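The values are calculated or read from the model by the stated rules, or taken from the named source; none is laboratory data. Since this is a predicted model, take the numbers as computed values, not measurements. Here the Cβ positions follow ideal geometry from the backbone for every residue, glycine too, while neighbour counts run over all protein chains shown.
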Amino acid sequence: MFSLEGITTNVQDWLLMKFNPTMALAIECVIVILLSISLFAILGLVLVLMERKVAAHIQIRLGPNRVGPGGMFQTVADTLKLIMKEGLTPDKADKFLFNLAPFVVMMVGMLLLAPIAFAKNFQIWDINIGVLYISSVSSLSVIGILMAGWASNNKYSLLGAMRSGAQIVSYELSAGFAVLTIVVLTGSLQISEIINAQQNGWWIFKGHIPAVIAFVLYIIAVTAETNRAPFDLAEAESELTAGFHTEYSGMRFALFFLAEYINIFIVCAIGATLFFGGWMPLHIGNWEAFNHIMDYIPSSVWFMGKTFFLIFLIMWFRWTFPRLRVDQLLNLEWKYLLPIRNMFLKEYITDVLTGVTSLLKGMRKTGYYFTHSKEIITEQYPDNRATLLMSDRFKGEVVMPHDANNEHTCTGCTACELACPNGTIKVVTKFETSPEGKKKKAIDALVYRLELCTMCNLCIVACPSDAIKMAPNFEHSVFDRTKLTKVLNQPGSKIREGIE
Amino acid sequence: MYNQTEIIKDTSELGADGELVINMGPQHPATHGVLHLVVTLNGETIKKIEPHLGYIHRSIEKMCESLTYRQFIYVTSRMDYLSSHINNLGCALLVEKGMQIEVPDRAKYVRVILSELTRIASHELWLGAMAMDLGAFTPFFYAFREREMITDIMEDTCGARLTMNYIVPGGLMYDIHPDFQKKVKAFITQFKSKVTEYEDLVTNNVIFQSRTKGVGILSAEDAISYGKEMNQSIRIIEQLIDNIPEGDFVGKTKNVLKLPKGEFYTRVETARGEFGVYVVSEGGTTPHRIKFRSPGFSNLSVLNHISVGSKIGDLMASMGTLDLVIPDIDR
Amino acid sequence: MELKEKIAGNEPFPGIVHDTPGGGIVVSTFDSIINWARSNSLWPLSFATSCCGIEMMSTASAKYDFSRFGFEVARASPRQADVIIIAGTIVNKMAPVLKRLYDQMADPKYVIAMGACAISGGPFFYNTYSVVKGADHIIPVDVYIPGCPPRPEALLHSLISLQEKIKLGMTREQIRGEFKG
């Protein structure tokens, strides 16, 4: 079975055999850099697509499904487009900081990859203060955000960045406390030690109530730290248009976009490591057979499975909850997650319980729709053109029916032209001389300007001879506006006999 | 590296105590169109709001002066487009009042049902948009699922989904669709079963509650009254839908409508408040002067009053509850 | 697909088509990949002035769901948007704002005029003093979709038309060879 476990040692042995230790280290560094960049690219594509699909299924629709099989290449197209798009720098922006900011945010994400154990013995740097390293480096991303907000010279950006600063600094505390719980339980700051300590049970099960509370705290705090809804105040689309990255476009915006998802991946990976044992398979007490089967699943699969479960949880939050207000955000942190205000315990518990119940109710509802794909009501338009259920009465455009002899019933009385409130219809008349020598008024052209038409139906009602009617066509898209001016009577057509 | 005076060049934008003046709109996702708010901020706290209007001023009132009494109704659909049917009704009522046209019972029943359906559709949209303003995207999709049922009914009967232009002075433009009653009943059943969903997701949600409670005196009440209004609309429709009388759908009217000389006023309750039509007639085929009393304009005027002292996030909540339709304000 | 044939069938198009300099197999393959990416990733600006905006919302809603084509990433900031759907009337006061929004967008950018008002002033064509008689007096429009308002399928139709236009290299920028990535 394929497993990542032995690869790192093999590679290192081979390199040391071929080169001197310094050279080997340099080559390893290059390999690691290449791997992490490609990991970032792949993760970005996968996570963005996952988010859009999860959102779609929660929202009873299909989501991207046109580009590639099942919409697989949607994010590839998006990325390519963003790379090729013009990268604007506002005139009055601080150009150096403006250009630097997205890279700072990305670099923080890259640094955080170092201590994560992707599989058994598959770790870039098993630093002995791993948890401390993560806590300290993860708070650096706020510098990039503040930089972006300040350098953009945009008030929305500045507000977004300031919010983000307040938010990350506060929530760092409860994330730190949650992580400390596990450090205390394990007795070590090293990631590999923490994972090894969960050999006979993950902390979320083994650590009892403190670990469960720590997990809840952790997941709330990291949702806030990654600026995700319900804590997406730094972007807050309905309030600050796009928050700190309002002025960014093209590739630099893509980096911010990517960094958001990379950060989610990283915090979820750390969460999986701390509370769910990282790559450690699920072991239950002394069920030898069961444990044995679990060991057969590669450790990387365990790790990714747990991480993606947590990522799904965070996405589920996003598509269920409204956003908090900025003062409520800080209240939540300082009064509930860190209960250091003078508050009665009873009041605290009731507040938390009612709040959590209402949130869980909402999540149950969205979860129901996510799991029941029969609730999806999307009609796939260009494919269903043949079966599209359209009302006959739908007012799409005015047409003039002609019979088999190319005859219509329009007398040219201009009732429609008079009834029309905005000059959509223009009747051009001519005088025809009948064989008896009598002059008779007839239409030369009934000019219909679809570009003006408001489908008010007044012309149809006004027409005394039912010469025109509404047709339910709606596919009128054109590249040229003049195409929308039509002559309704067909060339060579004439009025039917007996219509006066 | 950077020069501070260069970045904040225009110091006049900064108020006395380092206040920040930001322009919200005309292109801003929360202004539901092209409202322009000049918001003076102190940190995150709002000190003053100044709405700027006119970004969608289409001179409808002036335009109506050159349209006949049959024609001018259709323009009102484009004002408060979410309750276009009710706007049309208001104008038709005015013409009927002025000319003493008798409207058949059947037309009256259908008018009321369609108006109430429009009201529900409008509130469904409000629910979705409000939740979206507060940062929750999903309720919008659930609300629109029910709204689509209404637009289907509208399309079947009136031939358009949003700007119906189905009401004419004297009655209706044509008769209702044969499936009308069946579809309305199906909608009522569906709607009733889904109301709890909105409650779970929106009104009972702790974040939603804390975002709306105490935000402006009006908004909490509004939020409740919308819910009640939808239920009331459903009750009205239920009472009427089985009892649509047979008969004509349009009363006898002259071909050319002429309002007698004088002043006329009618009002109807749209989804947002009272909509009034005031016409001065000189006895001709077109109004001499027309004035619309649009609910959105009055609602907007309280915005500064209820928002001062609250946060930017609250402004979105207040604007959401006011349910502004900008063309209705600007006309 | 019928639409594709219709557009590919050399329907007359305003403006002169120039041959792009360079050419060759590699460039054209690269160009077609880029055009594929651009056409499949049209992020609209969340911009609406009046009634058509509601139908635009309906198009986003679950029944019509324009996310199937990857259009659902509606950006509130013009810097990040690709296509501006002019949904509603443009009045004289709004015209400079629209122009500015268009200028703020990063290239390549596309414009769809949705509804009668955006195409020609529509219901407000006569007797008004404040309405711009067509958004193409202010910014160049790629696709026009008439209707008042057009139904959601019609908007989807116009978006597909725009996709085809980009794939065929018929947009303003592509023809002028202005922006080649």
Report summary line: Given (1) assigned to a helix (DSSP H, G or I); (2) farther than 23 Å from C:G70 by Cα, A:T366 misses just (2)
Query raised in the report: Which pairs have Cβ atoms under 8 Å, sit 6 or more apart or on different chains, and link a residue in region C:144-168 that is at the interface with chain A (Cβ under 7 Å from one of its Cβ atoms) and in contact (Cβ under 8 Å) with a residue 60 or more places away in the chain to one that is in a helix (DSSP H, G or I) and of a type in the set (F, W, Y)?
Result: C:L156/C:F66; C:L156/C:F69; C:I160/C:F69
Report summary line: Note on A:E237: of the conditions (1) without any contact (Cβ under 8 Å) to a residue 24 or more places away in the chain; (2) within 16 Å of A:F312 (Cβ to Cβ), unmet is (2)
Query - Failed item in (1) at pLDDT 85 or above; (2) away from chain C (no Cβ under 14 Å); (3) touching a Pro at 6+ places or on another chain (Cβ under 7 Å), with B:R70 passing the rest - result: (1)
Requested in this report: Tell me, please, whether a residue that is of a type outside the set (A, V, I, L, M, F, W, C) and under 18 Å from the mean Cα position of the chain (by Cα) can be found in region A:203-218.
Outcome: no
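Residue by residue through region C:84-110, note down the ones that are buried (at least 22 other Cβ atoms within 10 Å of the Cβ) and of a type in the set (A, V, I, L, M).
Going through region C:84-110, the residues buried (at least 22 other Cβ atoms within 10 Å of the Cβ) turn out to be C:84-91, C:94, C:98, C:105, C:108-110.
Listed by number, the residues that qualify are C:I84, C:I85, C:I86, C:A87, C:I90, C:V91, C:M94, C:L98, C:M105.
Please verify whether region C:71-84 includes one or more residues that are within 24 Å of B:S84 (Cβ to Cβ) and β-branched (V, I, T). So that I can check it myself, show each step before the final result.
Here is the first cut: in region C:71-84, the ones within 24 Å of B:S84 (Cβ to Cβ) are none.
No, region C:71-84 contains no residue that is within 24 Å of B:S84 (Cβ to Cβ) and β-branched (V, I, T).
Could you list, in sequence order, all residues of region A:126-162 that are of a type in the set (G, A, S) and under 30 Å from B:I312 (Cβ atoms)?
Initial filter on region A:126-162 (of a type in the set (G, A, S)): A:130, A:135-136, A:138-139, A:141, A:144, A:148-149, A:151-152, A:157, A:160-161.
Correct list: A:S138, A:S139, A:S141, A:G144, A:A148, A:G149, A:A151, A:S152, A:S157, A:G160, A:A161.
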Query raised in the report: Hey, any hits in region A:392-401 for a residue that's among the small types (G, A, S), assigned to a helix (DSSP H, G or I) and modelled with pLDDT under 85?
Result: no
Query raised in the report: Does B:Q181 fit the bill of being within 14 Å of chain C (Cβ to nearest Cβ), surrounded by fewer than 18 Cβ atoms within 10 Å (Cβ to Cβ), part of a helix (DSSP H, G or I) and at pLDDT 80 or above?
Result: no
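Across region A:402-413, what is the number of residues that are assigned to a loop (DSSP other than H, G, I, E, B) and either crowded, with 19+ Cβ neighbours inside 10 Å or within 14 Å of another protein chain (Cβ to nearest Cβ) (or both)? Steps first, answer last, please.
Initially, region A:402-413 is screened for residues assigned to a loop (DSSP other than H, G, I, E, B), giving A:402-406, A:409-413.
Still in the running and either crowded, with 19+ Cβ neighbours inside 10 Å or within 14 Å of another protein chain (Cβ to nearest Cβ) (or both): A:410-413.
Result for region A:402-413: 4.
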Requested in this report: Of the numbered conditions (1) part of a helix (DSSP H, G or I); (2) crowded, with 22+ Cβ neighbours inside 10 Å; (3) of a type in the set (V, I, T), A:I314 fails exactly one; give the number of that condition.
Outcome: (2)
Report summary line: With criteria (1) modelled with pLDDT of 80 or more; (2) loosely packed, with under 11 Cβ neighbours inside 10 Å; (3) over 30 Å from C:C148 (Cβ atoms), A:K346 comes up short on (1)
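If I filter region C:111-133 for residues that are outside any loop (DSSP other than H, G, I, E, B), within 7 Å of chain A (Cβ to nearest Cβ), surrounded by fewer than 22 Cβ atoms within 10 Å (Cβ to Cβ) and free of Cβ contacts under 8 Å to residues at least 40 places away in the same chain, do I get at least one hit?
Residues of region C:111-133 that are outside any loop (DSSP other than H, G, I, E, B), as a first pass: C:111-120, C:122-124, C:131.
Filter once more, keeping what is within 7 Å of chain A (Cβ to nearest Cβ): C:116, C:119-120, C:122-123.
Remaining after also requiring surrounded by fewer than 22 Cβ atoms within 10 Å (Cβ to Cβ): none.
No, region C:111-133 contains no residue that is outside any loop (DSSP other than H, G, I, E, B), within 7 Å of chain A (Cβ to nearest Cβ), surrounded by fewer than 22 Cβ atoms within 10 Å (Cβ to Cβ) and free of Cβ contacts under 8 Å to residues at least 40 places away in the same chain.
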Report task. Test each condition in (1) farther than 24 Å from C:P152 by Cα; (2) of a type in the set (S, T, Y); (3) surrounded by 20 or more Cβ atoms within 10 Å (Cβ to Cβ) for A:S477 and report the one that comes out false. Result -> (1)
**Report entry** Residue list for region B:243-264, restricted to those being loosely packed, with under 14 Cβ neighbours inside 10 Å, closer than 19 Å to B:Q100 by Cβ and not charged (D, E, K, R)
**Finding:** B:N255, B:V256, B:P260, B:G262
Query raised in the report: Among the residues of region A:44-78, which ones are more than 8 Å from chain C (Cβ to nearest Cβ), surrounded by fewer than 21 Cβ atoms within 10 Å (Cβ to Cβ), in a helix (DSSP H, G or I) and over 12 Å from the mean Cα position of the chain (by Cα)?
Result: A:H57, A:P69, A:G70
Query raised in the report: Out of region B:272-305, which residues are of a type in the set (A, V, I, L, M), surrounded by fewer than 20 Cβ atoms within 10 Å (Cβ to Cβ) and touching an Asp or Glu at 6+ places or on another chain (Cβ under 9 Å)?
Result: B:V280
Requested in this report: Collect the residues in region C:68-83 that are more than 7 Å from every other protein chain (Cβ to nearest Cβ) and in a helix (DSSP H, G or I), keeping them in residue-number order.
Outcome: C:P78
